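> Below are the C-alpha cells for one structure; questions will follow.
The values are calculated or read from the model by the stated rules, or taken from the named source; none is laboratory data. Just so you know, these numbers come straight off a predicted model, no measurement behind them. A quick note on method: Cβ atoms are made from the backbone with ideal geometry, for glycine too, and the neighbour counts reach across all protein chains shown. Ligands, DNA and RNA are excluded from the accessible area calculation, which covers all protein heavy atoms including side chains. Shrake-Rupley method; radii C 1.70, N 1.55, O 1.52, S 1.80 Å.
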Amino acid sequence: MQSLEQVETTLTGEEADFMQAILLVDDNEANLLALSALLERPGLKLLTAKSGPEALNLLLKHAAALVLLDVQMPGMDGFEVARLMQGRADTRAIPIIFMTAFYRDEAALLRGYRNGAIDYLYKPINPVVLKSKVSLFLELDSQQHRLERAYAQIAEQKRYYQSILHAVGDGVLGVDARGIVRFCNPAAQCLFQAEARDLQGRPVDELFSGEAIQTLSTDGAQALVDAEALGLVEAELLRVGGEPFPVSLRCTPIGGSLDGYVLAFQDISERKCFEEQLVAQATTDPLTGLANRNGLKLAVDMALGRAQRGIGCAALLLIDLDHFKAVNDTYGHDVGDAFLKEVAQRLKSCVRVSDTVARLGGDEFTVVLDELAESNDAAMIAEKILEVLSRPFPLEHGSIATGGSIGIAVYPECGLDAGEMMRSADIAMYRAKADGRNGYHFFTEEMNAKVKVRMLLEQSLRQAVDNQDLFLVFQPIVTLDSQALVGFEVLLRWEHPKAGVVGPETFIPLLEECGLILPVGRWVMGQACAYLNAWLDEGLLPDGFRLSLNVSQRQFAGVHFVEQLQEAMSSCSIPGSLIELELTESLLMKDLELAKERIASLRTQGISVSIDDFGTGYSSLNDLKHLAIDRLKIDQGFVQQIAENSRDLAICRTIVTLAQSLGLTVVAEGVEAEAQAERLRELGCDCAQGFHYARPLAADEAEAYLRGGRAP
Ligand code: C2E
Ligand code: CA
Ligand code: CA
C-alpha cells in the first residue's frame, strides 16, 4: 500500500497541468480591468463577468477556486448570485469574497454571510489586502485539490489491491494481534463454505482442526514470531459445517510489525488424495489386494512398535504354498492367479481385520499378527491357516488341493526388527518344510517344543471334555477318633485314551491357562450334585455329610461362579448344607475383598468353606480372622513326616491350636499310616483324609462305601 507521502510526490508531477481559476464579477469594466491587473500571475486563470447571469454562466463551464463578487450590480445583485450558487452542488463550496462600497451596512453584511460570503473587501480595494486574501484562498483551494486527488488515488489503490485479493485462488485471512479474523477474501469464503460474516470476528483457532497450528493464534505476538519460522506448513482447517479440509498455509506478519498477520492457504485435498493413492499403490499387491513387501514392512514396524509398548505380543507367519508351481504349469497363469486370489481370501478369513496379510510375490504369503495374548495364539492361527488351505480349491473342472508350510517368528525372541523377524520366519519355514509339508514351525526350538506340547495337550483336553473322558472320584474324609464318615472330597480324573488316567496336577493348570477350567469346573459342579442327588434319594448320606469341591482361582473369580453353583444345586435340589468348597490360601489372598464377598454370599445358602493346603500359603492370621470359614485342611506336606519330624509336628500343633482358637475344625490331608493318625489325634485334630483310610474312589465304589460305611 502506498503511503500518503508517496501519493503526494506523484501528485506534484500532476501539479503542472493543474491551473486554478478566479472569477471576477463586477458591472464596472474598469474595476474588472484593475482587479485583473492586480491579480494576474502565471498559472492563474482570470475569468471575468460583468453581470450576475454571466457569472453563473461561466461557473457552469469552469471550476473556480474563488469568486470575487461585486455586491451592487444592476439586475441581479451579488447577494442573489451568491444565493443561486448556494443552490447548486457544484458551486456551493466555492468561496466568495464580496466587494462592496458600503462600509457600515450591518444588515447587508449579514445577508452576505448568509448567502455564502466568506469574506468582504471594501472599495476602494486595498491591493495588498486583496492579494493576500486571494492567495490565502488559492492556497486553501490547492490544498483541497491535492487532498481530493490523494483520496482518489488511495481509493484507486484500495480497489486495485482488493481486486487482486479477490482474484487470487488462495484463501486469505487477515487476523489481528488478538487472533481474531478481520478479513477474508472470496476464495477463503469459498473454501470454508462460509459467508464473510461467518468468519470475520471469530477467533482464528476455531478454524483449525489440528493442534499443530495452535501456536499461530494463542498468543498474538509470539505466534507471529513462531509463524514466520514456520513458513509453509500443512494444517487442517474446518469448514463451517465442521468438516475438515487439508491446506498448505503460510503465515506472514503484517508490515513487519506485530499488529496481526495474514494467513494465506491452499486446499490440498486433491494432492493428499493422490498421495494416499500413491502410498496405497506402493504398498499393495495388485493381484490379490493384500499388502506387498512395502506394506508388510510398515505393518511389521507398527506391530513391533505396539509390542514394544507392551500391547500384547507380535508374530510373523511366513507361508509357503505347496504345489503352486504345479498349478501354474498344469492349468496356466490365469488359473494360477485365481488360485492366489482365493488363497488371499482364505488367509484373510483366518485373522482379525487388524492383522495384516501380505503377498511377497509368487506363492509366498506373510501374516503379521498383532496384540497376541501369547505366542501360543500364533500356533492356533497357523493351524487355522493350514486347515483352510487344505480345503479343496474349486476349478472349472474339478478342484485342486494344496497345503503349506508355515514358519513363525515371535517378537522379541526371534528378532528385534522387521528384517530379523523375516529372516527368522524364513528359517522356521524351511524347518517346517523339512519336517514334512503341511505343518508349522517356530523359529526357536524351545518355543516350538513348548507350544507343540501345549497345543497337543490342549487339543486332547478339549476332546476329553467333548468325549466325556473326564470323571470324578471321591475320597472319604473321616473323624480321627471313630473313623466316622464326614464327607467326600471330589477329585477330577482324566482317562486319556492312550496314556490312561492322568492326574489333575498335570492338567488342571492347563485347563486354567486355556480357560477350559470354566466349563470343566461347571461340569464338575453339575456331576457332583447329580451324584449327591442319587445318594440322597437312596438315603445313603450320614448326618453332617458334606461333599467337598475344589475350586480353582480362575473359576472362583469368574463373575458367574456363585450363580452357576446355585444352578447346579437347585437343578438337583441339593441343599447348601451338603456342599463344602475348598479354597487355597493363595486364591483367598489374591483378592481378599472379592473372597470375603463371595464367601459371604455362599454362606447365606448354607455352603461351608474350607482352606485347602493350609500352611503352604502365606495368609496372615488377621486376614483369616475376617474370613467366614469353617475348616482348615492341613497340607499333606506337614502330615507325611509328622511321626518323625518334630518341626512338622510343631507346625501341625500350631495349626490345630490356631483352628481351635478360631473355632474351626481341622482336617489332616494325606494320612497314610496309623502313626500319623496317632500324632494327629494327640494334637486334637478332628478329621483325616488319606490312603490310610481310603484312596479316592470311583463313583460306584463311593456308593458302596456309603452303604458299608468303609472302603471296599
Ligand atoms: P488337593 O485338593 O490337595 O487334593 C488332595 C490330593 O491329595 C489329591 O490328589 C489326592 O488324591 C491326594 N491324596 C489323598 N490322600 C493321599 C495320601 O494319603 N497320600 C498322598 N500322597 N496323596 C493323597 P489329586 O487327586 O492328584 O489332586 C491333586 C490336586 O488337583 C488337588 O489337590 C486339587 O488341588 C486339584 N484338583 C483335583 N480335582 C479338582 C477339581 O475338580 N477342581 C479343581 N479346581 N482342582 C482339583
Ligand atoms: Ca482339596
Ligand atoms: Ca489339599
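> With the crude spin-label approximation of a point 7 Å out along Cα→Cβ, what separation in nm comes out for Gln72 versus Leu38?
Computed distance between label sites Gln72 and Leu38 equals 1.7 nm.
> Moving on to the next point. Keeping all protein chains in position, work out how much accessible area Glu703 exposes to a 1.4 Å probe, and write it in Å² to the nearest 10.
Its accessible surface works out to 60 Å², give or take rounding.
> Rolling a 1.4 angstrom probe over the protein chains, ignoring ligands and nucleic acids, what is the accessible area of Asp320 in square angstrom, nearest 10?
20
> Same structure again: Place a point 7 Å from the Cα of Arg306 along the Cα-to-Cβ direction; which residues of the stretch 334-359 have their backbone N under 13 Å from it?
352-357
> Tell me, how many Å apart are the Cα centres for the stretch 490-509 and for the stretch 390-426?
35
> Let me ask another. Could you please state, rounded to a whole Å, how far the C-alpha centre of the stretch 317-342 is from the C-alpha centre of the stretch 28-103?
The two parts, judged by their Cα centres, are 109 Å apart.
> What is the magnitude of the charge dipole of the chain about its Cα centre, with +1 placed on the Cβ of each Lys and Arg, -1 on the Cβ of each Asp and Glu, and no other charges, expressed in debye to the nearest 20?
It works out to roughly 1780 debye.
> Multiply the residue separation of Leu136 and Ala280 by 0.36 nm, subtract the distance between their alpha-carbon atoms, and state the gained length in nm to one decimal.
The span from Leu136 to Ala280 would gain 43.8 nm if fully extended.
> Further question: Averaged per residue, what accessible area in Å² does the stretch 471-574 show with a 1.4 Å probe, protein chains only?
Each residue of the stretch 471-574 exposes 44 Å² on average to a 1.4 Å probe.
> If I model a spin label at Asp466 and Arg92 as a point 7 Å from the Cα along the Cα→Cβ vector, what separation in nanometres do I get?
10.5
> How far apart, in nm, are the 7 Å Cα→Cβ label points at Arg271 and Tyr430?
4.8
> Contour minus end-to-end for Lys61 and Tyr151, with contour as 0.36 nm per residue of separation and end-to-end as the Cα-Cα distance?
Using 0.36 nm per residue and subtracting the Cα-Cα distance, I get 29.9 nm.
> Placing +1 on the Cβ of each Lys and Arg and -1 on the Cβ of each Asp and Glu in the chain, which of Tyr411, Gly539, Gln144 has its Cα farthest towards the positive end of the resulting dipole?
Positive-end residue among those listed: Gln144.
> Classify the chain from the C-alpha gyration tensor, please: rounded if a/c falls under 1.5, else prolate or oblate depending on whether a/b exceeds b/c.
prolate
> Also: Take the solvent-accessible surface of the protein heavy atoms, probe 1.4 Å, and return the percent of it on the chain that carbon and sulfur atoms account for.
53
> In the stretch 4-150, if the dipole is taken from +1 on Lys/Arg beta carbons and -1 on Asp/Glu beta carbons about the Cα centre, which of Tyr120, Asn57, Ala107 is farthest to the positive end?
Of the listed residues, the answer is Ala107.
> Ordering Met429, Met422 by accessible area with a probe of 1.4 Å, largest first, what comes out?
Met422, Met429
> Is the shape of the stretch 289-447 best called rounded, prolate or oblate, per the rule: a/c under 1.5 gives rounded, else a/b larger than b/c gives prolate, else oblate, with a ≥ b ≥ c the square roots of the Cα gyration tensor eigenvalues?
prolate
> With only Lys, Arg, Asp and Glu charged, each at its Cβ (+1 for the first two, -1 for the last two), find how big the charge dipole of the stretch 39-112 is about the Cα centre; round to the nearest 20 debye.
240
> I would also like to ask the following. Lone cysteines in the chain, defined as no other cysteine's Cβ under 4.7 Å from theirs: which are they?
Lone cysteines by the Cβ rule: Cys184, Cys190, Cys251, Cys273, Cys313, Cys350, Cys414, Cys514, Cys652, Cys685, Cys687.
> Please give the charge dipole size of the stretch 33-179, origin at the Cα centre, charges +1 on K and R Cβ atoms and -1 on D and E Cβ atoms. Round to the nearest 20 debye.
It comes to approximately 60 debye.
> List the lysines whose Cα sits under 26 Å from the Cα of Lys272, skipping any in the same chain fewer than 8 residues away.
Those lysines meeting the cut-off are Lys297.
> OK, next. Along the charge dipole of the chain, Cβ charges K/R +1 and D/E -1, which of Gly521, Leu32, Ala280 sits furthest on the positive end?
Value: Leu32.
> Using packing as a proxy for protection, rank 383-391, 83-91 so that the peptide with the highest average count of other Cβ atoms within 10 Å comes first.
383-391, 83-91
> Okay, moving on. Stretched out fully, how many nm does the piece from Lys450 to Val240 gain, at 0.36 nm a residue minus the Cα gap?
So the extension gain works out to 69.6 nm.
> Please compare each pair in Lys341/Lys450; Lys325/Lys384; Lys341/Lys452 to a cut-off of 25 Å on the Cα-Cα distance and tell me which ones are over it.
Lys341/Lys450; Lys341/Lys452
> Using a 1.4 Å probe and counting only protein heavy atoms, arrange Val168, Val327 so the residue with the most accessible area comes first.
Reading off the accessible areas and sorting them downward yields Val168, Val327.
> Which FRET efficiency, nearest 0.05, do Ala673 and Tyr618 yield, Cβ-Cβ r, R0 30 Å?
0.55
> Something else: From the Cα gyration tensor of the stretch 456-708, with a ≥ b ≥ c the square roots of its eigenvalues, which class applies: rounded if a/c is under 1.5, or else prolate if a/b is larger than b/c, or else oblate?
Because its axes are fairly even, with a/c under 1.5, the stretch 456-708 counts as rounded.
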